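Below: the structure, in structure tokens.
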């Protein structure tokens, strides 16, 4: 689990990333990212809509799995960035850990390349 240092605080900060950020798309999720002032750590948020799955238990499972994939991934998020993952598919709840890890790592590689 991420500490407080790497989490967003308040709705305004996530809204700011949606307003000024750039988007990278994967199959079942997208990643919107924006830069922060130098010296600041990266921040991560995961958005899972009720349209993805009606059950809050499943939405939270997806959210926790994405956070864990970012935390333990081979590709580290770049420093001084804000990352907002938006999930489009309920398949992430049942996807294998390796597949999810590859999906997250590929999105983070696109961010570091940009």
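Throughout, read-outs are computed from the coordinates displayed, never taken from laboratory work. Here the structure is a predicted model, which is why all the values come from computation and not from measurement. Don't worry about glycine lacking a Cβ; one is built from the backbone with ideal geometry, like all the others, and counts go over all protein chains shown.
Each Cα pair under 8 Å and six or more residues apart adds its separation to the average, and for the chain the resulting relative contact order is 33 percent. Here the simple spin-label model places points 7 Å from the Cα toward Cβ, and for residue 2 and residue 79 these points are separated by 1.8 nm.
Centroid-to-centroid, using Cα positions, the range 56-114 and the range 8-47 are 13 Å apart. When shorter helices are ignored and each DSSP H run of at least 4 residues is given -39500 (n - 2.57), the per-residue value for the chain at 222 nm works out to -12500 deg cm²/dmol. Relative to the longest principal axis of the Cα atoms of the chain, the long axis of helix 11-20 lies at roughly 70 degrees. The C-alpha atoms of the chain define a longest principal axis, and helix 97-113 lies at about 20 degrees to it.
May I ask you to work out the translational diffusion coefficient for the range 7-114 at 20 °C, viscosity 1.002 mPa s, via Stokes-Einstein with Rh from the Kirkwood sum over Cα pairs, reported in whole µm²/s?
Here the translational diffusion coefficient equals 153 µm²/s.
Taken over the range 1-44, the ratio of Cα radius of gyration to 2.2 N^0.38 Å equals 1.23.
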